[in-house]
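What follows is calculated from the coordinates using simple rules that are stated; it is not laboratory data. Keep in mind it's a predicted model, so treat the numbers as computed, not measured. So basically every Cβ, Gly included, is an ideal-geometry build from the backbone, and we count neighbours across all protein chains shown.
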Amino acid sequence: MAKVCLCLTGKTIERDLEILRKYRKYTDIAELRVDCLLHEERFSIRRFPELADIPVILTIRRRADGGNFEMGESSRIALLSRALAFAEVDVRHNFAYVDLEEDLELSGLEEAARAFGTKIIRSFHGFDGPCARLLDRVRAMYRVGDEIVKAAVKADDLDDVTQLFKVSREMEGMEKILLCIGDNAICTRILAKKLGSHLCYTSVKGEADFPPAAPGHLDPVELAELYRFHSITKNVNIYGILGFPLTATSSPLFFNGVFGRENKDAVYIPFPSRTTHQFFNLADEIGLLGASVTVPHKESVLAHLSSMPDQVKSVGACNTIVRTENGWGGYNTDAGGFSGSLLEFTGCKDFKGKRVTIVGAGGAARAVASEIHRLKGKALILNRDKLRAEQLADIYNFEYDDLGTDGVKQIRKFSDIIVQTTSLGMDPDFGGDPLRGYQFTGKEVVMDIIYKPECTAMLERASAAGCRVLNGADMLLRQAKLQYQHFFGRKYPFE
């Protein structure tokens with residue numbers, strides 16, 4: 001079973017021990033990154049395993065391999081020797097593992113380490129991108145039967161992640177650590193058990209003096225509590241969300257919380273991808289069962305669907321996909337989530353007699369426009385690209401324009417309700433405001449489907465003018481409950 005390894009990157013041993021004590025309940029193994037310690041601290045590393053009272057990996061990483069050690073190989077070997085010397089009969093006082101790169105030949109040291117129970121991790125770090133013949137390289141690294149082979153390769157995109165999962169299948173039964181480096185590949189860490197990895201590396205967040213050991217590390221609390229790492233198995237049912245860049249999504253919090261409440265062997269993971277075809281290649285490789293779809297893929301995902309209801313065809317956007325016997329089925333829960341939220345907020349039964357401005361012309365705007373039309377409202381579509389606004393408006397015989405001065409002036413005729421559907425203003429772009437040129441009167445009902453931050457710059461201006469304002473949190477919850485229904489074929493079970 002894969003273990004959680006906390007990488008200790010502090011400048012002093014005492015600080016490393018302080019962080020380890022703080023996160024001990026989430027941690028199975030610690031990695032002492034000696035290369036991050038101050039020079040004078042490195043002379044005291046021998047006693048660290050005893051002080052830590054947890055299995056410890058000894059690592060002195062060179063800059064070429066993503067570390068901080070600059071003093072040359074002879075100094076590094078001397079430090080490794082010092083840390084492994086004077087081994088004790090009680091193996092708990094020795095380093096449990098030592099990480100040695102594939103090009104480091106230290107047969108005497110290695111045999112001495114093995115004699116006192118220290119396992120060798122033979123590692124390769126590909127920061128320049130994935131190795132074209134990764135499987136051959138990993139197999140060539142495997143020298144002695146009790147070694148653990150580690151391959152950490154940079155993932156430029158999801159195709160690289162897919163390749164790593166394919167390599168893992170060819171290494172079935174071999175003790176290994178496989179992972180991709182990068183924020184677009186956190187699935188290789190969450191799914192360490194599926195990869196057959198011996199452990200998953202983590203780094204703490206929110207500690208200014210503790211830099212992450214590598215790009216893409218999750219916080220140990222996040223891994224344990226949000227993704228339920230210790231509860232899921234190698235055969236876990238996998239769900240997720242497709243989008244890019246996916247910097248502000250609460251869907252994993254919702255679905256993983258539900259899975260935990262139901263005691264399900266299931267996990268919901270972000271899959272940031274610039275393209276849909278790379279995502280579907282990975283989905284087939286790992287057996288993904290269903291996913292949410294967000295910007296910018298709600299329209300392009302349609303090309304990958306084998307079936308979809310008439311509602312998706314008419315909206316022209318899909319935010320939910322489910323694996324079926326005949327391929328991928330697609331649904332749109334944005335529409336129902338939007339109308340349910342806004343109708344309850346306004347106390348209306350429909351939008352009859354309402355004149356609405358819709359900002360944006362993407363997948364979310366398509367869902368909003370379809371519901372405004374279905375519920376008998378009239379609308380103005382405003383978008384930076386006027387042609388896209390026209391194409392959406394023509395479906396429902398709505399008005400349209402761009403977001404220039406003339407377009408913003410038209411809002412006065414469609415100001416009962418204003419709905420902002422673009423990503424402008426979303427975390428981390430807190431200052432974004434697509435209607436900066438419009439002065440709210442205080443009579444408008446203003447909805448921004450963004451939920452992070454809770455109050456966007458546009459909603460702040462509207463609220464200050466006296467408008468009733470609504471963010472996208474309630475819409476998110478409503479559409480997620482509908483997604484649950486599509487994923488599992490039953491209604492959302494909790495109040």
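Remarks
- Taking amide H as placed 1.01 Å from N in the peptide plane, the amide H of SER197 sits under 5 Å from that of LEU178, each at least 5 places away or on another chain.
- Counting neighbouring beta carbons within 10 Å and listing from fewest to most, the residues PHE398, PHE254 come out as PHE254, PHE398.
- Stokes-Einstein translational diffusion, region 233-292 - Kirkwood Rh over all Cα pairs, 1.306 mPa s, 10 °C, in µm²/s: 133
- Computed over the Cα atoms of region 253-332, pair by distinct pair, the Kirkwood hydrodynamic radius stands at 13.4 angstrom.
- Efficiency of FRET from Cβ geometry, ARG139 and ARG82, R₀ 30 Å, rounded to 0.05: 0.40
- Taking ASP35, ASP16 and counting other C-beta atoms within 10 Å, the order from fewest to most: ASP35, ASP16
- Considering only THR357, TYR268, ASN281, the residue lying farthest towards the positive end of the dipole of the chain is THR357, judged by Cα position with unit charges set on Cβ.
- Rotationally averaged projected area of region 279-432 (alpha carbon convex hull; nm²): 10.3
- Protection-proxy order for peptides 356-366, 329-339, each taking the mean of Cβ atoms within 10 Å per residue, highest first: 356-366, 329-339
- Neighbours of ASP156, meaning other residues whose beta-carbon lies under 13 angstrom from its beta-carbon, give a summed charge of -3 when Lys and Arg score +1 and Asp and Glu score -1.
- Entry note, the chain: the mean residue ellipticity at 222 nm calculated from DSSP H runs of n ≥ 4, each adding -39500 (n - 2.57), is -9000 deg cm²/dmol after division by the residues and rounding to the nearest 500.
- Cα-based radius of gyration for region 3-235, normalised by 2.2 N^0.38 Å, reads 0.95.
- Charge dipole of region 346-476 (Cα centre as origin; +1 on each Lys and Arg Cβ, -1 on each Asp and Glu Cβ, all else neutral): 540 debye, rounded to the nearest 20.
- Building the convex hull from the alpha-carbon atoms of region 44-128 and averaging its projection over directions returns 5.6 nm².
- Residue exposure sequence - HIS217, HIS304, HIS125 - by fewest surrounding Cβ within 10 Å: HIS304, HIS125, HIS217
- Which label in (i) 258; (ii) 140; (iii) 163 gives the computed volume of the Cα convex hull per residue in Å³: (iii)
- If you take the Cα centroid of region 110-175 and the Cα centroid of region 14-80, the two points sit 21 Å apart.
- For region 181-321, the alpha carbon positions stretch 51, 31, 25 Å along the principal axes, listed from largest to smallest.
- Start at zero, step by 5 Å, and the Cα-Cα distances of region 377-491 spread as 2, 12, 18, 20, 19, 14, 8, 4, 2, 0 percent across the bins.
- Charge-dipole axis of the chain as Lys and Arg at +1 and Asp and Glu at -1 on Cβ define it, positive-most pick from LEU342, GLN479, GLY182: LEU342
- Full extension of the segment from GLU105 to ARG412, taken as 0.36 nm per residue of separation minus the current Cα-Cα distance, would add 103.0 nm.
- Residue (of LEU79, GLY290, VAL204) at the positive-pole extreme of the chain, dipole from beta-carbon charges: GLY290
- Within the shell of other residues whose beta carbon sits under 12 angstrom from the beta carbon of LEU302, the net charge comes to +2, with Lys and Arg scored +1 and Asp and Glu -1.
- Cβ-Cβ FRET estimate between ARG261 and LYS25, R0 fixed at 22 Å, reported to 0.05: 0.60
- Applying both filters, DSSP loop and at most 13 other Cβ atoms within 10 Å, to the GluC sites (Glu not before Pro) of region 300-376 gives GLU325.
- A Förster radius of 51 Å, combined with the Cβ-Cβ distance separating GLU175 from GLU495, puts the computed FRET efficiency at roughly 0.65.
- Inter-part distance, region 261-288 to region 367-445, computed on C-alpha centroids, equals 33 Å.
- Total charge dipole magnitude, region 195-313, about the Cα centre, Cβ charges on Lys, Arg, Asp, Glu only, Debye to nearest 20: 220
- Around the Cα centre of the chain, unit charges on the Cβ atoms of Lys, Arg, Asp and Glu (plus for the first two, minus for the last two) sum to a dipole of about 1420 debye.
- Surrounding net charge for ILE121, when Lys and Arg each add one and Asp and Glu each subtract one, Cβ distance under 13 Å: -1
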